[in-house]
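Inspection log for the structure reproduced underneath, given as structure tokens.
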Amino acid sequence: MLPREDDITGTETHARVALARPHLVAMWPGGSAVKEMPAAGTLSIGRSRKCDLCIDHPSVSREHAIFYGSNPVTVEDLGSTNGTTIAGTRIPNRTRAAIQRGQVVAIGAAVIVVRAALENDAPPVPQPRATLRANHQAPPVIVVDDGMRELYRVVDLVGKGDLSVILLGETGAGKDVIADAIHRRSTRGSAAYVRVNCAALPDALLESELFGYERGAFTGAVQAKPGLLEVADGGTLFLDEIAELPLAMQAKLLRVLESREVTRVGGLKSRSIEVRFVCATNRDLVALVRSGAFRQDLYFRLNGISLVIPPLRQRRAEIAPLAQAFVIQACRDAARPEVPITAEAMRQLEAHDWPGNVRELRNVIERAVTLCTGTAIDIHHLPPPELNFGVTGSFETAQRATMPSPNNGSLGAFDAAPLGLHDAARRAAQSIERRRIAEAMDRCGGNQTRAAQLLRISRRTLVARLTDYGFARPLKKRAPEAD
């Protein structure tokens, strides 16, 4: 097992070195590097050799981002072409964002984690639970609904063990929050917490990112690089969007689960790892197993216990406190005084069905804070009623139709068959879905990546829908090199 350390990201690397200041650990296709934060407290990253940390990859802009050493460490995107994301969320240009425990920073194709100093550090100051829940990057944990109280009771029990966990729920319902809670409540709480979005990594990079590679394994592999499975050794690996994992990668992951060993790409020697697996999906894994799209043996390995996160419309008592918490965050980010929500606006929020769940609520509140120039958020600051706050007939609607449902309120068992729609309703939903895809592809000029972002689904899911609905596939064009 790798040595553990309490640092700001909860992610570990493999060499235990006496560090006087925080370090950045960067990994990208063809290289990796470790860079100590300078005494001045800032470190620039880009493709230019003038940067403090040079990442020689076309997905990285010449001057891409700058890290600021503080508590917590923050990062600012310098107007890059491909952007900078924290835990899968892209940060605005020229805006500093905090990097919290367990979060991975993506700069183009590069993955960066932050390590705190191992020596000469002051002992960590315990934070009260309320402070942790009000964290800037993570959604606030609001537990008011009885179903959510029961869910967190089970999370407390599950967190104490080492069972693999599958989290099921609609898009934006808060599966990542539950995964973080499981890790924090476990004996691994001070060890590595690594999150991997299986739908976000291209197939060509997925194996090398998860398993790592040895020097000379392929063109551009000028030095060995550990994979994220090794980085998570001793801690927790959160595999988000697990249903999007290709079948070939499912077989490789199954071998890791069975042997608890990892072999890097191009390597001959296996490395032992001790990792807890937490997975999440908004799709019906049982149906995918039946159709052959997901391996049954892998499903049984991962499914130590399944927990269902109820959608926001089933826990309406939490809408108001969540909205108020998001207002506080948005006002703090905008450096403006906190504004209240009028009673009429709150009634409209509580009446909405929230197909995008907590993520949609956060977006609506941030929009309202931006538009509000007065002393309170009113109904005219919310999206127009005819838009129903979201995309009617969106993918969230289609996904809800295939989500498994709990048996008698049990959080660990499901009905034998997934929920279904009558044929006429299913055809209508498919017609709406096809029209939305066509509109998104037209608005994005045929760019599948941007269309998938507009539809709030993974690119892999969009490609599958394009095939299912018989859309003509555009020819691939070589992407321009970042400035």
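Brief remarks follow.
- Apart from one condition, residue 259 fits all of (1) in contact with an Asp or Glu (Cβ under 9 Å, 6 or more places away or on another chain); (2) closer than 29 Å to residue 290 by Cβ; (3) of a type in the set (Ser, Thr, Tyr); the exception is (1).
- Residues of the stretch 34-85 that are assigned to a strand (DSSP E or B) and modelled with pLDDT under 85: 34, 35, 36.
- Screening residue 467 with (1) loosely packed, with under 11 Cβ neighbours inside 10 Å; (2) modelled with pLDDT under 55 gives one miss only, at (2).
- In a residue-by-residue description of the stretch 357-371, the property of being outside any helix (DSSP H, G or I) and out of contact with any Phe, Trp or Tyr (no Cβ under 7 Å at 6 or more places or on another chain) applies to no position.
- Residue check, residue 71 within 20 Å of the chain's Cα centre (by Cα) and polar (S, T, N, Q): no
- The stretch 88-109 residues that are surrounded by fewer than 16 Cβ atoms within 10 Å (Cβ to Cβ), paired with ones that are not charged (D, E, K, R) (beta carbon under 6 Å, 6 or more apart): 90/83; 93/79; 96/74
- Test result for residue 200, buried (at least 23 other Cβ atoms within 10 Å of the Cβ), within 20 Å of the chain's Cα centre (by Cα), touching a residue at least 60 places away in the same chain (Cβ under 8 Å) and assigned to a loop (DSSP other than H, G, I, E, B): no
For (1) among the polar types (S, T, N, Q); (2) within 24 Å of residue 220 (Cβ to Cβ); (3) in contact with a strand residue (DSSP E or B) (Cβ under 7 Å, 6 or more places away or on another chain), each residue gets a yes or a no:
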| site | (1), (2), (3) |
| --- | --- |
| 42 | yes, no, yes |
| 59 | yes, yes, no |
| 64 | no, yes, yes |
| 80 | yes, yes, yes |
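- Of all residues making up the stretch 175-192, the number that are at pLDDT 90 or above, in contact with a strand residue (DSSP E or B) (Cβ under 9 Å, 6 or more places away or on another chain), within 20 Å of residue 86 (Cβ to Cβ) and open to solvent by less than 30 Å² (accessible area, probe 1.4 Å): 4
The values are calculated or read from the model by the stated rules, or taken from the named source; none is laboratory data. Given the structure is predicted, the values throughout are model-derived calculations rather than measurements. All Cβ positions, even for glycine, are placed from backbone atoms using ideal geometry, and neighbour counts span all protein chains on display. These accessible areas exclude ligands, DNA and RNA; they are computed on the full protein's heavy atoms, side chains included. Shrake-Rupley method; radii C 1.70, N 1.55, O 1.52, S 1.80 Å.
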